[in-house]
Amino acid sequence: MAHLEPLDPQSLEVKISELLVATADGHDPDLDRAISEVLQLLRRQLRMDVVFVSEFVEGERVFRFMRGGEVLGLHEGDSAPLESSYCHQVVTGRMPELVTNAADLVARGELPDTGLPIGAHLSTPVVLPDGRVYGTVCCFSTAAKPELQLSDLACLRQCARLVARKVEVAAHAGFAPTEPAPFPEITGQG
């Protein structure tokens, strides 16, 4: 898979912080585009092959946004049983949010085999203001990445806060969290 050149780590952190501040007191009409940009920056900064936002709906994990997954046959709108996903493993505490080499854990029987070539994997819950888990923000690489650090996970967590803010804004605008409307503009090409 093609790897993206990293950018200045502060660029991503500054962008997320600015967006969180800008949306704290009201609706930002450019938030959908901004989230798309942040997720692409996240993918580039962490040099991951795939980045996505998932939603948990009636026992399924649904990809609401995805970049880079097409190469592996993953697409926005696809779903799979939640129980068999690493997203669920992370949310239930059976898997750490940051894994530098999932393939080793699968080989040792510590993680289930998803059928995908997953090396490094980062995932964090998207928690709504009322405490419900909407889904996750995840990214993974087909190769192991021993250089990943807690600061990388911190960026992912900030991104999850931004997605939670978007879902909250959409809910106040009258969209149910399970409707596709919360992410109308972040379905662009990877």
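Any read-out appearing in this document is the output of simple, stated calculations on the displayed coordinates, not a laboratory observation. Model, not experiment: these values are computed from the prediction. In this analysis, Cβ positions are derived from the backbone assuming ideal geometry, glycine residues included, and neighbour counts consider all displayed protein chains.
Please list log₁₀ I(q)/I(0) at q = 0.09, 0.14 Å⁻¹ for region 31-184, using the Debye equation with identical point scatterers on the alpha-carbon positions.
-0.25, -0.63
Can you give me the long-range amide H partners of ASP78? Hydrogens built in the peptide plane at 1.01 Å from N, cutoff under 5 Å, separation of 5 or more residues or another chain.
The answer is PHE63.
DSSP loop GluC sites (Glu not before Pro) in region 58-90 with at most 12 other Cβ atoms within 10 Å of their Cβ, which ones?
Sites meeting the loop and neighbour criteria: GLU58.
Can you compute 3J(HN,Hα) from phi for each residue in region 160-168, using the Karplus curve 6.51 cos²θ - 1.76 cosθ + 1.60 with θ = phi - 60°, rounded to whole Hz and x for Gly and Pro?
5, 5, 5, 5, 4, 4, 4, 5, 5
If neighbour count is taken as other Cβ atoms inside 10 Å, put ASP78, ASP152 in order from fewest to most.
The most exposed by this proxy come first: ASP78, ASP152.
Calculate one ³J(HN,Hα) per residue across region 35-51 by plugging θ = phi - 60° into the Karplus curve 6.51 cos²θ - 1.76 cosθ + 1.60, and present them in order as whole Hz with x for glycine and proline.
5, 4, 5, 4, 5, 5, 4, 4, 4, 5, 4, 8, 6, 9, 7, 9, 9
As a footprinting exposure proxy, order HIS75, HIS121, HIS88 by other Cβ within 10 Å, with the fewest listed first.
Least crowded to most crowded, the residues run HIS75, HIS88, HIS121.
What residues have an amide H closer than 5 Å to that of LEU111, excluding those fewer than 5 places away on the same chain, when H is modeled at 1.01 Å from N in the peptide plane?
When sequence neighbours closer than 5 places are left aside, the close amide H contacts are VAL106.
Under a 5 Å amide H to amide H cut-off, with H placed in plane at 1.01 Å, what residues pair with ALA143 once short-range neighbours are removed?
Long-range HN contacts for ALA143: GLY119, ALA120.
Residue farthest toward the positive end of the dipole of region 36-79, with Cβ of Lys/Arg at +1 and Asp/Glu at -1: which of LEU42, VAL53, GLY68?
Positive-end residue among those listed: LEU42.
Excluding MET66 itself, calculate the net charge of residues whose Cβ lies under 9 Å from the Cβ of MET66, where each Lys or Arg counts +1 and each Asp or Glu counts -1.
-1
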